[in-house]
Amino acid sequence: MDEMKMFRIVEAYYRKPETQYEGIKITRVPNWKTVFVEQIGESGRAVMMNEYKVDGAKCWAGYSSRSQTIFISLTA
């Protein structure tokens, strides 16, 4: 997923939390997470998260192509 689309999704979620955006699932994870381990069945996969600034606040978000999910962690 390209960075501009990712930023638009994170920005939309920050302003109005929704569980989907244009067919992409969004899952909130605990605050201050920078890496999230996605469990699918018996295996796990690390999703590395990048920092985004929305309205002066920091968010961390990462995309899993395996599950078509964005994981978002807020900092406050």
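Bear in mind that the values in this text are calculations on the coordinates, not laboratory data. Since this is a predicted model, take the numbers as computed values, not measurements. Please note: Cβ atoms are built from the backbone with ideal geometry, for glycine as well, and neighbour counts cover all protein chains shown.
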How much net charge surrounds W32 when only other residues with a Cβ under 13 Å from its Cβ are counted (Lys, Arg +1; Asp, Glu -1)?
+2
So what is the relative contact order of the chain, in percent, for Cα pairs below 8 Å that sit 6 or more residues apart?
31
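Pairwise over distinct Cα atoms, reciprocal of the mean inverse distance: report the Kirkwood radius of the chain in Å, one decimal place. Display every interim value, and only then the final one.
Numbers: mean 1/r = 0.0807 Å⁻¹.
Its Kirkwood hydrodynamic radius stands at 12.4 Å.
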Calculated [θ] (222 nm, deg cm²/dmol) that DSSP helices of n ≥ 4 give over the chain, each run adding -39,500 (n - 2.57):
-5500 deg cm²/dmol
Residue-wise HN-Hα coupling along segment 56-66, computed from phi with Karplus coefficients 6.51, -1.76, 1.60 (Hz; x: Gly, Pro)
x, 9, 8, 9, 10, 8, x, 10, 10, 6, 5
Using Cα atoms only, what is the angle between the long axis of helix 3-15 and the major principal axis of the chain, expressed in degrees (0 to 90) to the nearest 10?
70
Say the dipole of the chain comes from +1 at the beta carbon of Lys and Arg and -1 at that of Asp and Glu; which of M6, G41, A57 then lies farthest toward its positive end?
A57
